[in-house]
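Below is one structure; the comments refer to it alone.
The values are calculated or read from the model by the stated rules, or taken from the named source; none is laboratory data. Nothing here was measured: the structure is a model prediction, and the numbers come from that model. Note that each Cβ is placed from the backbone with ideal geometry, even for glycine, and that neighbours are counted across all protein chains shown. These accessible areas exclude ligands, DNA and RNA; they are computed on the full protein's heavy atoms, side chains included. Shrake-Rupley method; radii C 1.70, N 1.55, O 1.52, S 1.80 Å.
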Amino acid sequence: MKGGNIVRLRGGHISIALVALMFMSILLWAWDKSYFASLLPLTREKFMMPVSEYVVDLSNSSSTSSEPKDEMAKPEDKMEERSNNINEKEKEKPGESTDFSDADSVFKSTPELKENKEGVTLSPSTKVCNYAKGRWVEDSRRPLYSGFGCKRWLSIMWACRLTKRKDFSYEGYRWQPENCEMPEFERSAFLRRMQNKTLAFIGDSLGRQQFQSLMCMLTGGEESPEVEDVGGEYDLAKPPGALRPDGWVYRFPNTNTTILYYWSATLSDLEPLNRSNPATNIAMHLDRPPALMRKFLHRFDVLVLNTGHHWNRGKLQGNRWVMYADGKPVEEEKPLDMGLAKNLTVYSIVRWLDSQLPLHRRNLKVFFRTISPRHFFNGDWNTGGSCDNMIPMSGGSEVVQDGSSDTVVESALKGTKVKILDITAISQLRDEGHMSRYTRRAILNTSDCLHWCLPGVPDTWNEVLIAQI
């Protein structure tokens, strides 16, 4: 009997050992597949930090590499493909914030959304207005401002009226949503609505185009000397030796309306690793919002974010950015996938902002603008790609889909109070509106099929934004 018990006991130990061995094998396999879960122990408290925390002086964080910040004719990642659906058990209930204790949940790909998109409104007839679904129509009242006269606000490299381009038919269209009338833009009415308020754009050079477009719209493309430069209030004076400041802030004195733009191409917090060395590497904190946003969020009434075209190895190396998360470098053992890094940043900033909205005394409205499409045909920017089509809507004039083409942003906003400014599919139809080969900065016969002529497509982005404010 005792011998039989010993055999059974040893057999039980062996079974337990086998189960443990199998369990450890599964864990090791899963660790290799989700390497960054062990590197990025992101917690809910990390994103509930007060606005005043982690305020970093970015005056020396401008890139000193030979490439300019305009993202002009540089390699960009193609738009992300739709990813696999999140398991039902991992989906949030509406109104709940994501628990980031499991970083893999950040990297899970975008679900198909069954609910109505963020940012829709109800028309008087109670029909749901999806501003991203509709068609382009000709409008003889366009453009909204002069491409010749908006010199104070509009970068000369984006003013196609001042280049050798001969065809300007792209200026004569407006966007018509399917189920509602979009309000006609009227600058004095908008300034009255924004009286004593601040509208801030934070993002890459496509965000700067939207900012310059709005400034031209609000001034009618005129010089408007009464508009005040108040960049000093936001520490946005031009750093010594820089091509331009990291942002601009203008105030319309009659209504005390302030329009701000801050350059943050990846929406990550940038921090020089050695402030005494101008050639130092820059820590790009994927899980920390930009310092300016944290410092001045309490002043904003409307915030518009965008990112997308800087998430590639060329930009990372050219700007000497080193990716950090949870205060540590994340590329010590293997390269970090750029798509996952972008997803982490987008989810992080959205969840952080969603946590700040209940604390905001100014009833802040936050919009995340979806990615602006590139239109390089027959190659990329450096392999002969071009966008020479000058015929408006040659590929169609209507958007019929209900969901966004930018599923990363669409998914990140689900369950939050951050709204979507969905311009991707709208802009996809307008390949004739790019700078093309008429850019003043063309090098070796390259074409700019990323940025837009102004006046042009970004004006429509602002009209859609204004309709949703």
Rounded percent of accessible protein surface that carbon and sulfur make up, segment 322-414, 1.4 Å probe: 49 percent
Built amide H within the under 5 Å cut-off of Gly247, gap 5+: Trp263
Residue-by-residue Karplus 3J(HN,Hα) for segment 416-421, coefficients 6.51, -1.76, 1.60, Hz, glycine and proline x: 10, 9, 7, 8, 9, 10
Ile391 - accessible surface, heavy atoms, 1.4 Å probe, Å² rounded to 10: 110 Å²
Alpha carbon Rg of segment 199-249, scaled by the compact-globule rule 2.2 N^0.38 Å: 1.20
Mean shadow area of segment 271-357 over all directions, Cα convex hull, nm²: 6.6 nm²
Sequence-distant residues sharing a close amide H with Trp321 (under 5 Å, placed H): Ile282
Cα-centre dipole for segment 149-229 with unit charges at Cβ (Lys and Arg positive, Asp and Glu negative), debye to 20: 260 debye
Segment 303-396: C-alpha pair distances exceeding 15 Å, %: 74 percent
Sequence-distant residues sharing a close amide H with Tyr173 (under 5 Å, placed H): Asp139
Residue-by-residue Karplus 3J(HN,Hα) for segment 312-323, coefficients 6.51, -1.76, 1.60, Hz, glycine and proline x: 8, 4, x, 5, 4, 6, x, 8, 6, 7, 10, 6
Additional length obtainable on full extension of the chain from Ala237 to Ile469, 0.36 nm per residue less Cα span: 80.6 nm
Coarse-grained scattering of segment 169-221 at q = 0.12 Å⁻¹, given as base-10 log I(q)/I(0) from a Debye sum over alpha-carbon atoms: -0.37
log₁₀ of I(q)/I(0) at q = 0.19, 0.23 Å⁻¹ - segment 187-282, Debye sum with one point per alpha carbon: -0.96, -1.28
16 Å reach of a label modelled at Glu178, 7 Å along Cα-to-Cβ, counting backbone N of segment 353-397: 397
Distance (nanometres) between label positions extended 7 Å along Cα→Cβ at Asn256 and Lys166: 5.3 nm
In Å², nearest 10: area of Ser397 left accessible to a 1.4 Å probe: 50 Å²
Nearest-10 value in Å² for the accessible area of Asp326, using the 1.4 Å probe: 50 Å²
